[in-house]
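First up is the structure itself, then whatever we jot down about it.
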Amino acid sequence: MIPQRLLRQFHVDLVAARKMVDAFMAACGLTGEPEFTCIYQSTDFKDRHVYKVIIADAAYALKFDGRGAQTRRLADEFDVLKRLHARFAAHKGLGVPQPIYADPDGAFFVTKFLDLKTATDVVRDTDNDAEVARLYRRTADWLGTFHGFGEVTKAAFWPNWMVESLAEAVADGPQASPVDYQPMIAVTRLNAMQLAHKKCTKAQCHGDFHGRNIMIGGDELYAFDVTEVTEKLAVYDIVDFLKDDIYREAMPEQIDASGVIRANREEFIANYAYTIDPQILEFCLRTRLLIDWVSITREMHAKSAFQRRKFDLLQLRLQIAFA
């Protein structure tokens, strides 16, 4: 399902897009008059697009990178998708979009189109708590399965990079008042020293495991955009997903010291395949919310209603988490 807010006017070259669609059809022996629509254009990289392509009764997703031929970024991602699609075949209801075709030059690839809700849509828009709980369970199933495809070990936790990220955000002129954020940063620094060197689960990680890269329909859950797959602490993938929780309404007593809804966090952890140190998870979640909050500059706050809402939601959660 494509949210209507995403179907805005994109600045893309439709003639070039048609050539890619034609190349895909010719390579796969497809005939007929295709329909195609740009459904995504990167804000930071304007030459990265995703198109929905309809040929006869079949729908496809075409992912394009204007620098793909030089970087081989999409070629590498397509190879990862093929391996993951084969590995997930043994896990009912979990997977990645079916990879179908890769441009030999590396500029684009095509997968099956998934007409499903993103995890972000479910977290932010649904009033059905049972649907949300199912999302957390199935996402934990997917991530635990994915992490298990590589070697799972233990490694030392080094949180200094998060403290440094806070310092960089403060230097950029945050909207938040120093009276509010300085005590939180002081507590964070102390916690970082206390938790440094503790052992935590390390695995092959997705690297960009946020709700826009996850889709769910019933008990089926898929994740995609696997360009950042790397080995690191598993907790970082978990935090990427759980931090979207700030957009769900909750009473203060439902929020725990991590800054997210206790029941949702527990639902996820109960279904995740590996042990995650609860103190490290709590610290990483709370600190990530703090980084996101302090990173909203005065200029961003003044220009964007979305950033103002995000600022208020983060502030509310942080006040509870640091109480």
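Taken together, the values in this text are just the output of simple stated rules run on the coordinates, not laboratory data. Owing to the predicted nature of the structure, the values given are computational and were not obtained by experimental measurement. Positions of Cβ are generated from backbone atoms using ideal geometry, with glycine treated the same way; all protein chains shown enter the neighbour counts.
Below, the figures for the structure above:
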item: Pairs where the first residue, in the range 308-323, is farther than 14 Å from Val260 by Cβ and the second is part of a helix (DSSP H, G or I) and not hydrophobic (A, V, I, L, M, F, W, C), C-beta under 8 Å, 6+ apart; result: Arg308/His301; Lys310/Asp292; Phe311/His301; Gln315/Asp180
item: Matching residues in the range 275-320 - criterion: being of a type outside the set (D, E, K, R), surrounded by 15 or more Cβ atoms within 10 Å (Cβ to Cβ) and not in a helix (DSSP H, G or I); result: Ile276, Ser295, Ile296, Thr297
item: Pairs, first touching a residue at least 24 places away in the same chain (Cβ under 8 Å) in the range 47-73, second among the basic types (Lys, Arg), C-beta under 6 Å, six or more apart; result: Asp65/Arg48; Asp65/Arg73
item: Scope the range 216-241; condition touching a helix residue (DSSP H, G or I) at 6+ places or on another chain (Cβ under 7 Å), crowded, with 20+ Cβ neighbours inside 10 Å and under 25 Å from Asp129 (Cβ atoms); matching residues; result: Ile216, Leu221, Ala223, Asp237, Ile238, Val239, Phe241
item: Residue in the range 242-257 that is crowded, with 20+ Cβ neighbours inside 10 Å, touching a strand residue (DSSP E or B) at 6+ places or on another chain (Cβ under 7 Å), of a type outside the set (Val, Ile, Thr) and over 21 Å from Phe146 (Cα atoms) present; result: yes
item: Subset tally (residues that are β-branched (Val, Ile, Thr), more than 15 Å from Phe241 (Cα to Cα) and under 18 Å from the mean Cα position of the chain (by Cα)) for the range 281-323; result: 1
item: Breaking point among (1) of a type outside the set (Asp, Glu); (2) in a loop (DSSP other than H, G, I, E, B); (3) more than 20 Å from the chain's Cα centre (by Cα); (4) under 19 Å from Leu221 (Cα atoms), for Pro97; result: (3)
